Amino acid sequence: YQAENKAKYDAEDHLNHKKYKDKWAKEKIVIYTGPAWEKWNGSKVEEGMGGSESWAHYLRQEFEKLGYDARIYCDLYVPEHGYCDYKNIQSDFEYDLVDYFISSRSCEIYKNTGMHIRNKYVMIHDIWLSNDPNYDTRHWDIKKFMCLSEWHKDFVKNHHKIPEEKLEIGRNGVYQSLYTKTPKKKNQ
């Protein structure tokens with residue numbers, strides 16, 4: 001009797017997982033910027049607001065092109081364009097799995113959260129995560145920290161005591177097409 005029921009429940013479980021996987025066929029990427037000094041707005045994002053905002057905007061677009069379900073959690077709410085209110089992140093992912101989660105500038109979002117996240121990353125846009133060298137980086141729980149240069153990587157490693165294998169060099173994200181109209185040099 002137990003073997004028959006086990007086979008029945010295993011088949012049902014497999015079918016439920018397949019339905020879930022078919023419904024959410026795309027892997028999910030969340031880019032979390034949280035609240036900003038200057039509130040985001042749609043036109044400013046397209047024109048370029050600042051390094052980290054532009055980085056998040058263009059990174060999300062590139063992930064979408066690669067077939068991911070990519071969203072930015074910031075203080076701009078335009079869900080049809082991938083911008084979600086950062087205050088709703090806990091409830092949005094209470095029962096859902098995030099495949100890749102990239103936090104901008106902070107490890108705080110990873111503390112005391114009920115979210116289910118497979119791969120955690122932190123982009124360090126500034127010189128450090130905190131001026132306090134004892135800031136809890138949660139490096140044991142985060143897959144990679146992205147720095148902006150070799151110098152930056154060495155500084156972060158020494159300041160926060162993050163193991164070198166957890167540090168990578170990334171970029172803030174520059175769209176080269178924004179710089180196609182460069183002034184010509186004058187011959188003197």
Tell me, what HN-Hα J-couplings in whole Hz come from the Karplus equation 6.51 cos²θ - 1.76 cosθ + 1.60 at θ = phi - 60° for each residue of the stretch 133-140, using x for Gly and Pro? x, 8, 3, 6, 7, 6, 4, 5
Return a whole-number percent for the relative contact order of the stretch 67-178, with Cα pairs under 8 Å and 6 or more residues apart as the contact set. 17
Lys157 paired with Trp37, simple spin-label distance in nm, labels 7 Å along Cα-to-beta-carbon: 2.9
Distant-in-sequence amide H partners of Met123 (H built 1.01 Å from N, under 5 Å): Ser103, Ser104, Arg105, Ser106, Met146
Calculated FRET efficiency for the pair Asp96/Asn172, C-beta based, R₀ 25 Å, to 0.05: 0.30
Quick one: which residues, 5+ away or cross-chain, put their amide H under 5 Å from the amide H of Tyr83? H built at 1.01 Å from N. Ile72, Val78
Keeping to pairs on different chains or 8 or more places apart, tell me how many lysine pairs in the stretch 66-169 have Cα atoms under 25 Å apart. 28
Residue by residue through the stretch 90-95, which ³J(HN,Hα) values in whole Hz follow from phi under the Karplus form 6.51 cos²θ - 1.76 cosθ + 1.60 (θ = phi - 60°), with glycine and proline marked x? 4, 6, 5, 10, 4, 10
What are the residues whose amide H is under 5 Å from the amide H of Ala36, where those residues sit 5 or more places off or on another chain and H is modelled from the backbone? Asp75
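Laboratory data are not the source of any read-out in this text; all were calculated from the coordinates shown. Since this is a predicted model, take the numbers as computed values, not measurements. Glycine also receives a Cβ, built like all others from the backbone with ideal geometry; neighbour counts cover every protein chain displayed.
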